[in-house]
Amino acid sequence: MTHRPVCVKCECELKPEKNGVQVVEIVDGNPYQVWDADKWKCPKCGVEIMAGFGIDAWTHRGEAEFNETVQKVYNRNCYVKCHYK
């Protein structure tokens, strides 16, 4: 990333809130992939976004230990779900 994300509403740079947050990509109601990304937050209004995703997902549906990996992520309570239709 060459520039920090900017809050459109507040017109200021977002600040890193937490690095290494897992993002569980949900497709048609089911986990599909798990990504590693960073959570950013606006210092004025508090809006949060996920950015800085890795080049590839940690794991994909269909891989041998996918369900176990997703369960471990859920157990850590440090994740964001991203729903696609």
Scan the stretch 52-63 for residues that are touching a Ser or Thr at 6+ places or on another chain (Cβ under 8 Å) and in a strand (DSSP E or B) and jot them down. 59
I'm checking my understanding of the structure. Among residues of the stretch 23-66 that are in contact with a strand residue (DSSP E or B) (Cβ under 9 Å, 6 or more places away or on another chain) and of a type in the set (S, T, N, Q), which one is farthest from residue 7 (Cα to Cα)? 59
Residue under question is residue 61, and the condition is that it be surrounded by 12 or more Cβ atoms within 10 Å (Cβ to Cβ) and in contact (Cβ under 8 Å) with a residue 12 or more places away in the chain; does it hold? yes
Evaluate the following for residue 79: is it loosely packed, with under 12 Cβ neighbours inside 10 Å and either touching a helix residue (DSSP H, G or I) at 6+ places or on another chain (Cβ under 7 Å) or of a type in the set (Phe, Trp, Tyr) (or both)? no
If I go through the stretch 30-51 residue by residue, how many of them are touching a residue at least 40 places away in the same chain (Cβ under 8 Å), part of a strand (DSSP E or B) and surrounded by fewer than 17 Cβ atoms within 10 Å (Cβ to Cβ)? 2
Select from the stretch 1-24 the residues that are of a type outside the set (S, T, N, Q), within 24 Å of residue 73 (Cβ to Cβ) and surrounded by fewer than 17 Cβ atoms within 10 Å (Cβ to Cβ) and list them in ascending order. 1, 16, 17, 18, 20
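Each reported figure results from applying straightforward, stated rules to the coordinates on display, with no laboratory input. All values derive from a computational prediction rather than experimental measurement. Please note: Cβ atoms are built from the backbone with ideal geometry, for glycine as well, and neighbour counts cover all protein chains shown.
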